[in-house]
Amino acid sequence: MTPLAIDERRLQRQIDELAAISEAPAPVVTRVLFSEADLRGREFVRQLSRDLALEVREDAVGNLFARWPGTDAGLAPVATGSHLDAIPNAGRYDGVVGVLGALEAFRALKAAGFRPRRAVELIVFTAEEPTRFGIGCLGSRLLSGALWPTRAAALLDRDGQSLEAWRKQAGYAEKDLSTVRLAKNGYAAFVELHIEQGPLLERENIPIGVVEKIAAPSTLRVDLTGVGGHAGAMLMPERHDALLAGAEIALAVEQAARHSGSADTVGTTGVFRIEPGAVNSVPFHAYLEIDLRDTQLATRDAALAQVESAANEVCARRGVGLKFERLNVDAPAVCDARLVETIIGVCGQLGLSVKKMISRAYHDTLFMTQVCPTTMIFIPCRGGVSHRPDEYSSPEQIKNGVTVLARTLAKLASWTSTLNNTRL
């Protein structure tokens, strides 16, 4: 096999082309699940995959698979991938580096004359972001069996439109959701390339991170019903203000996270909507979505219980109705030690320093751990910034990540049943 040649200019051009497929003008990137921009972004990747002569298919929820067949069809494939959807007011690198970077890795390996023994497959996961339905990693949850098809089908967006309605509109309703789930160990391994979404690699001037553990996320919905009325006519002792109850709950989230006993507990009230939303009217309804996560299950769950207790106390005191729903409460994931060491070995061959890391953001890899051995490759991002238009990783940083991914996939695709120490 000839040396690998990663074309970082071509890859950056593709990243920029995909960023232009957005529901909002540049530099903002917004691609919400099954929006017109999301569907066009999928077609962009389908075409790139066809150009590489990959075998493309999609499942009932829109997870996209692009396979490079191996020479031994009897061996389980290895996989890589990430997501294309982007929250409102996002940037161009989150998820995208792991999709377009994987295709560039395939292209470089093909050009170098590599022939995989195991098939190598790109997975583009549906709805890693929770924007549409308030639950993240929709596609990988269904693939892993972490989310039952009946529950997924009943998901509603803020306008009351169901996943089933959106699947039909997007052209995916011909297949049943029960067909999405993957067989246990259907893949030999899964490795996701991603920007760090944190400052550590940049701060320590380390080009590559390899993930050993992924934090435990949870998502809560809080629906508050108070009593509305005219802002001038309703006296203060008579008020049951839904907004103020919600504000206290949001502060309780902050307190629970700050005083959990774990430095890794983080709590965010990312959605807060009120009705009627008029300056001269007391809010009678408030709706909150809360993200609470930690690398430790015990402290995360203790903070979660503290938030629920505080919500009950606040609403009882203020005379506000409370509906509290746990959308998801997930366990942390431990990545496969063999894969971690394989990536460290590849970095050693390339002369790249590497840092073992915890991912405090969660990713589709969290759920792929329920299917097969997994890990993640992190690259630095400027200032640790993500989910903003100024999110940025340099072409050189991305090239390093893609090179490590390509060499790792080549090693994994050469496995029989154990690690192969063949140098590439």
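Only the coordinates and a few stated rules stand behind these numbers; no lab work does. Since we're looking at a predicted model, the values are computed, not measured. Cβ placement follows ideal geometry from the backbone for every residue including glycine, while neighbour counts extend to all protein chains displayed.
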Subject >> Orientation-averaged projected area, Cα convex hull of the stretch 140-273 (nm²) >> reply: 14.4 nm²
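Can you give the Kirkwood hydrodynamic radius for the stretch 304-367, in Å, rounded to one decimal and based on Cα pairs? Please list the in-between numbers first.
On the way: mean 1/r = 0.0625 Å⁻¹.
Over the stretch 304-367, the inverse of the mean reciprocal pair distance is 16.0 Å.
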Original post:
Does anyone have the angle between helix 96-111 and the longest principal axis of the chain? Alpha-carbon axes, 0 to 90°, nearest 10?
Top reply: 10 degrees
Original post:
Considering only Cα-Cα distances, which of the following residue pairs are longer than 23 Å: LYS355/LYS411; LYS184/LYS399; LYS110/LYS411?
Top reply: LYS184/LYS399
Original post:
Picking from GLY145, GLY319, GLY41, which is most flexible by a Gaussian network model of the chain using Cα springs under 10 Å?
Top reply: GLY319
Original post:
Tell me, what ³J(HN,Hα) does each residue in the stretch 238-247 have, in order and in whole Hz, if you take phi through Karplus 6.51 cos²θ - 1.76 cosθ + 1.60 with θ = phi - 60° and put x for Gly and Pro?
Top reply: 9, 8, 10, 7, 5, 4, 5, 4, x, 4
Original post:
Counting only residues 5 or more places away or on other chains, whose amide H sits under 5 Å from the amide H of ALA231 once H atoms are built in the peptide plane?
Top reply: SER281, VAL282
**OP:** Convert each backbone phi in the stretch 202-214 into a coupling constant with the Karplus relation 6.51 cos²θ - 1.76 cosθ + 1.60 (shift: θ = phi - 60°), then list the ³J(HN,Hα) values in order as whole Hz, x for Gly and Pro.
**Re:** 5, 4, 9, 6, 10, x, 9, x, 10, 8, 9, 8, 10
**OP:** Within the stretch 1-99, list the GluC sites (Glu not before Pro) lying in a DSSP loop whose Cβ has at most 15 other Cβ atoms in a 10 Å radius.
**Re:** GLU23
Original post:
Taking one equal scatterer on every alpha-carbon of the stretch 1-153, how large is log10 of I(q)/I(0) by Debye at q = 0.11, 0.18, 0.20, 0.21 1/Å?
Top reply: -0.44, -1.08, -1.26, -1.34
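How big is Rg to Rh over the stretch 236-325, alpha-carbon atoms, Rh as the Kirkwood inverse-mean-distance radius? Please report the intermediate quantities before stating the final value.
On the way: Rg = 14.0 Å, Rh = 13.7 Å.
A ratio of 1.03.
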Original post:
Using the Cα atoms of the stretch 50-119 to build a convex hull, what is its mean projected area in square nanometres?
Top reply: 5.7 nm²
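Among DSSP beta bridges lying fully in the chain, give the percent that are antiparallel, nearest 5.
On the way: 46 of 67 bridges.
So the antiparallel bridges in the chain amount to around 70 percent.
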**OP:** Could you go through the stretch 294-300 in sequence order and give the Karplus-derived ³J(HN,Hα) for each residue, using 6.51 cos²θ - 1.76 cosθ + 1.60 with θ = phi - 60°, rounded to whole Hz, and x for Gly and Pro?
**Re:** 6, 7, 10, 5, 5, 6, 4
Subject >> Gap separating the Cα centres of the stretch 175-233 and the stretch 371-413, nearest whole Å >> reply: 17 Å
Original post:
To the nearest 500 deg cm²/dmol, what mean residue ellipticity at 222 nm is calculated for the chain from DSSP H runs of n ≥ 4 alone, each contributing -39,500 (n - 2.57), summed and divided by the residues?
Top reply: -10500 deg cm²/dmol
